[in-house]
Amino acid sequence: MSLENWVELAVFMGLLVAAWLSVQKPPALDYERLWKTILATVIRGEVEAGGGRHEQWWERLLTVPYHPAGRSVYAKLHRPDLKDIPVPALDGERILVDALIEQDGPLARAELMFRTLPAASEALMVDPAELGPAYDPASVLAPGVGWEAVALWEADLQAAIARRFNDVVVAVVGFDERPMIAAVPHCAVVKVTNVDEASLCALLTTKHQRLVILAKGDGLHRLLAVLHANDGLRDRVFVVLNLGEPLMVGAQKEWMDLHFQHDQFDTELNRRTLYMAITDGGEGWSDASGQVFPVPKALPSGWEPIESVDLGPLILSQQDPELFARALWVLLSFCVASR
């Protein structure tokens, strides 16, 4: 090859590298931050509709525990240790753990992390537009249907959610489905009382429909057994959301360790399934880390059909059912749009 050809090749490779670098990589989306921001926004909307002020909003946000450096929250509340911080540490994580070590017990640590330290209020009360386009509801719903529409719960927002869920059935297991129906009346929301293969498959009346499953209580365990046994049904599930049910304790942990693996929960389609958890440690902040779906060991191929997501803690008994349902619809819109 001549020198001229080498120069041309070098120029061409340089152009390829420049083009690759110019492609903006999709921004990472922190699902817990998204979820807690949605909750904070629907609460703000209700407070403002009632003529409340900034102070009333913060008082209501005490039911939404969040700290931007508070990952693995139950370990931090019960066993704070600088050696347990994953590398790389989050911004402010070492400072947070240092402060938690000085506190006596999980209640005092929760008070410090979620109520006293300014990072908590700053994260929840920030203008959500500052989080960027990856967090913008308009990016998954419709142009102009953004955070203010979420706060006001406008008709345009409800219509956009209904369009997003046009071919999606929301199955509710173990809790009251009525707030979900009231929040977005034109979506398919079905309460499932018999969690078995026939009942779940019967929800999907056309080949285009997909499932989002919200589960609380023992029905979640039966659901996972059904999905494990039916690969065709797994292919049609976008999201499984656990609402405070222990998974990694006792006999259920043995089942999860043995069966909740990438190869056993694989899908024919090249699509990952979201297995999400909202943990509930109750008002005493007991260790609820066992409510989170585990992250299985990666397959040799690198393919990981299970996407386990910890949405962080909530004291579920303190949540307003109507506002909670609204927030779930917005969160699930992001989930469905990403599949």
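The values are calculated or read from the model by the stated rules, or taken from the named source; none is laboratory data. Every value quoted in this text rests on a predicted model; they were computed, and no experiment measured them. Backbone-built Cβ (ideal geometry, glycine too); neighbour counts: all protein chains shown. SASA here: full protein model, heavy atoms, side chains in, ligands and nucleic acids out. Shrake-Rupley method; radii C 1.70, N 1.55, O 1.52, S 1.80 Å.
Some values worked out for this structure:
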quantity	calculated
Residues located in the range 153-170, provided they are surrounded by 17 or more Cβ atoms within 10 Å (Cβ to Cβ) and either basic (K, R) or within 15 Å of P128 (Cα to Cα) (or both)	R164
Leading residue by the ranking (farthest from T279 (Cα to Cα)) among those in the range 301-339 that are among the acidic types (D, E) and crowded, with 17+ Cβ neighbours inside 10 Å	E307
Test set (1) exposed (fewer than 11 other Cβ atoms within 10 Å of the Cβ); (2) of a type in the set (S, T, Y); (3) modelled with pLDDT of 95 or more - S22 fails condition number	(3)
Residues that are hydrophobic (A, V, I, L, M, F, W, C) and either within 14 Å of M125 (Cβ to Cβ) or touching a His at 6+ places or on another chain (Cβ under 9 Å) (or both), drawn from the range 43-56	I43, V47
Pairs with Cβ under 7 Å, 6+ apart, first in the range 247-273 and farther than 14 Å from A229 by Cα and among the hydrophobic types (A, V, I, L, M, F, W, C), second open to solvent by 80 Å² or more (accessible area, probe 1.4 Å) and at pLDDT below 95	none
Filter pass, S317 being within 14 Å of the chain's Cα centre (by Cα), on the phi < 0 side of the Ramachandran plot and small (G, A, S)	no
Which numbered condition R271 misses (of (1) assigned to a loop (DSSP other than H, G, I, E, B); (2) open to solvent by 50 Å² or more (accessible area, probe 1.4 Å); (3) basic (K, R))	(2)
P179 open to solvent by 20 Å² or more (accessible area, probe 1.4 Å), closer than 27 Å to V240 by Cα and either part of a helix (DSSP H, G or I) or at pLDDT 95 or above (or both)	yes
Some residue of the range 243-266 being of a type in the set (A, V, I, L, M, F, W, C), assigned to a helix (DSSP H, G or I) and open to solvent by less than 20 Å² (accessible area, probe 1.4 Å)	yes
Some residue of the range 216-237 being at positive phi and either open to solvent by 10 Å² or more (accessible area, probe 1.4 Å) or hydroxyl-bearing (S, T, Y) (or both)	yes
Residues that are part of a loop (DSSP other than H, G, I, E, B), of a type outside the set (K, R) and open to solvent by 70 Å² or more (accessible area, probe 1.4 Å), drawn from the range 192-212	T193, N194, T205, H208
Residue within the range 310-322 that is part of a helix (DSSP H, G or I), aliphatic (A, V, I, L, M) and within 23 Å of S199 (Cα to Cα) present	no
Test: residue in the range 295-309 that is small (G, A, S) and modelled with pLDDT of 95 or more	yes
Cβ-Cβ under 6 Å pairs, at least 6 apart or on other chains, the range 297-317 side polar (S, T, N, Q), far side at pLDDT 95 or above and open to solvent by 20 Å² or more (accessible area, probe 1.4 Å)	S308/V295
Residue in the range 131-139 that is farther than 22 Å from P313 by Cα and polar (S, T, N, Q) present	yes
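Okay, residues lined up against (1) surrounded by fewer than 17 Cβ atoms within 10 Å (Cβ to Cβ); (2) touching a Lys or Arg at 6+ places or on another chain (Cβ under 6 Å); (3) closer than 20 Å to L314 by Cα; (4) not basic (K, R):
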site	(1), (2), (3), (4)
H78	yes, no, yes, yes
D81	yes, no, no, yes
I101	yes, no, no, yes
F114	no, no, yes, yes
P118	yes, no, yes, yes
E122	yes, no, yes, yes
D127	yes, no, no, yes
